[in-house]
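Presented below is the structure to which this report refers.
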Amino acid sequence: MKQSQQVLEWQAEARAESILRLLELRFHEVPPDLAESLRTTTDFVKLTAWFDLAYSAASIEAFRHRTGLC
Amino acid sequence: MSQNVFDQAARYLAKLDRVPFLCWVLELQPADFVFRGWVDTRRLPFPGEPDRVNDTVAHLEDVAGGNVPWAVVLEFQLEPEPLMFGRMLVYEGQVWLEKKPSDLPGDRFNMGAVVINLTGRGHCGREMDWPRAKLKTILEPREINLCDRQAQTVMDGIVAGTVPRVILPLIPLMQGGDDAGIIQLWLAQASLEADNRRRGDYGGLALVFAEAAKCADVWKTALKGWNVVQSQQVLEWQAEARAEALVDSTVAHILRLLEIRFQQIPADLANVLRGTTDLAKLQTYFDLAVSAVSIDGFRQSAGL
C-alpha cells in the first residue's frame, strides 16, 4: 500500500530535525528564523540536499546563502 | 513502515465488529454463516510482501451448505494492484495447504477471498479456459470498489438498519463521501453509538480513510467539534508511525554522514545501524558520527 501523507510529513520533519542538529553541532547556535524555515520545508529532495550542505558549509551564513534560506 | 496505516486501519475495522462487517462484504445475513474465528496465519507472509501477514482470514461455516468450512481471505488495497490475481492464488494455496478447519485427517477449507479497494477500481479475478484441452483455472474473489459505492445509499442503509454501523468509517471513500450533508448525517448516526471508545474509533478511522480519499480537510473540520474521545488505536498507530519515521530518518542520516566523512561504511556496521530502533541511542550515534575522527573511532565510541 502507498504511504500516508501524514507519514511523509513526519519523515520530512525528521529530516529537518537532523539538519538542525548537525548545524547545532557544527556552529553551536542556529538562528530561530533559519530553524523555522527548515521546519516548514516539506520538500524531500531539498531537505536531502540541504543535509549535505549542512555538513559542508563553512558557516551558518554560507549555509543560508547556498540553500536560499535567507 | 512495516505496516501501512491504511492497511492497519482497514484490518482493525474488519475486526471491530466482525460479523456485521462480514455480512456487509459478503451480502449475507447473520443466520447464513457461523463465524468460527480468524485463521492463525502468522507464519504465512502475503506473497510479494515478506514482512506482512494477513491476519484477516475468516474461518466461516456455510450454514445452508451443511456447515462446510470456508477460509475467507479479506484483503485491502489502497489502490488496485496489477499482480493481485497471482498473489491471491499463491496465498489461497498456502492457506489451503497449511491451515485446516480441524485436526481430522483430510479436513480442508474451501477457499474464498474478498478484495476491498479503498480507492480505484480493480478486477483481480481471472478465468482461464481452454475448452478443447479441458483446462480451466478460475479465481474470482468478491471485489469491492468503494469508489463505486454511493455514500448516500449506504448512509440510507445505515439509517434504516440494513447496513451495519461499523461501515461508517468507510463512507469518506465512497462517492459523495465528502459532501457536507453526508458528513452531517454521518455525525448523527455515529453519535447514536453508545460505546464511547467505538465512537472514537469510527471518527479516527474515518479520518484515516478520508486521507486516502483526499478529503481529509473537510472531515477534519467536521469532526473537530465532535464530542468524542479520540481513538486510542489511531493515536497509537500515529505514535508508532511517527517514531518509526524518526528512527528511519536518523539511521539514514548517520549512514550519510559516515559516507560523506569516511567514504566507505563497512557492511556489518551499516547493518547494525539499520537494525537499531532505539531513538536515544541513534541520536547519540548521530552526534558521534559528526565528531569521530575515523570509522574505527566511531565504532569504538559507539560501542558497535
Please note which strands (runs of 3 or more DSSP E) are completely contained in the range B:1-82 and include at least 3 residues that are aromatic (Phe, Trp, Tyr) and closer than 29 Å to A:Val7 by Cα. none
Please verify whether the range B:98-108 includes one or more residues that are in contact (Cβ under 8 Å) with a residue 12 or more places away in the chain and crowded, with 17+ Cβ neighbours inside 10 Å. yes
B:Lys220 vs. criteria farther than 30 Å from B:Thr284 by Cα, within 14 Å of chain A (Cβ to nearest Cβ), outside any helix (DSSP H, G or I) and within 23 Å of the chain's Cα centre (by Cα): no
Checklist (1) closer than 24 Å to B:Gln232 by Cβ; (2) exposed (fewer than 15 other Cβ atoms within 10 Å of the Cβ); (3) in contact (Cβ under 8 Å) with a residue 12 or more places away in the chain applied to B:Asp148, failing item: (1)
Condition check for B:Pro131: surrounded by 18 or more Cβ atoms within 10 Å (Cβ to Cβ) and farther than 21 Å from B:Gly203 by Cβ: no
Please report, ordered by residue number, the helices (runs of 4 or more DSSP H) entirely within chain A with at least 2 residues that are among the acidic types (Asp, Glu) and surrounded by fewer than 16 Cβ atoms within 10 Å (Cβ to Cβ). A:5-27, A:32-39
Give the residues of the range B:157-194 that are touching a helix residue (DSSP H, G or I) at 6+ places or on another chain (Cβ under 9 Å) and loosely packed, with under 15 Cβ neighbours inside 10 Å, sorted by residue number. B:Gly157, B:Val159, B:Thr162, B:Ala180, B:Gly181, B:Gln184, B:Ala188, B:Ser191, B:Leu192
Would you pick out the residues in the range A:15-34 that are facing chain B (nearest Cβ under 10 Å), out of contact with any helix residue (DSSP H, G or I) (no Cβ under 6 Å at 6 or more places or on another chain) and farther than 15 Å from A:Ala57 by Cα? A:Glu17
Failed item, numbered, when B:Gly297 is tested on (1) of a type outside the set (Phe, Trp, Tyr); (2) surrounded by 15 or more Cβ atoms within 10 Å (Cβ to Cβ); (3) more than 10 Å from every other protein chain (Cβ to nearest Cβ): (2)
Flagged in the range B:237-279 as within 11 Å of chain A (Cβ to nearest Cβ), among the small types (Gly, Ala, Ser) and either surrounded by fewer than 20 Cβ atoms within 10 Å (Cβ to Cβ) or part of a loop (DSSP other than H, G, I, E, B) (or both), in numbering order, are B:Ala239, B:Ala243, B:Ala252
Test each condition in (1) loosely packed, with under 15 Cβ neighbours inside 10 Å; (2) modelled with pLDDT of 90 or more; (3) more than 15 Å from B:Ala151 (Cα to Cα); (4) of a type outside the set (A, V, I, L, M) for B:Tyr202 and report the one that comes out false. (1)
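The values are calculated or read from the model by the stated rules, or taken from the named source; none is laboratory data. Quick caveat: nothing in here was measured; it's all calculated off a predicted structure. Please note: Cβ atoms are built from the backbone with ideal geometry, for glycine as well, and neighbour counts cover all protein chains shown.
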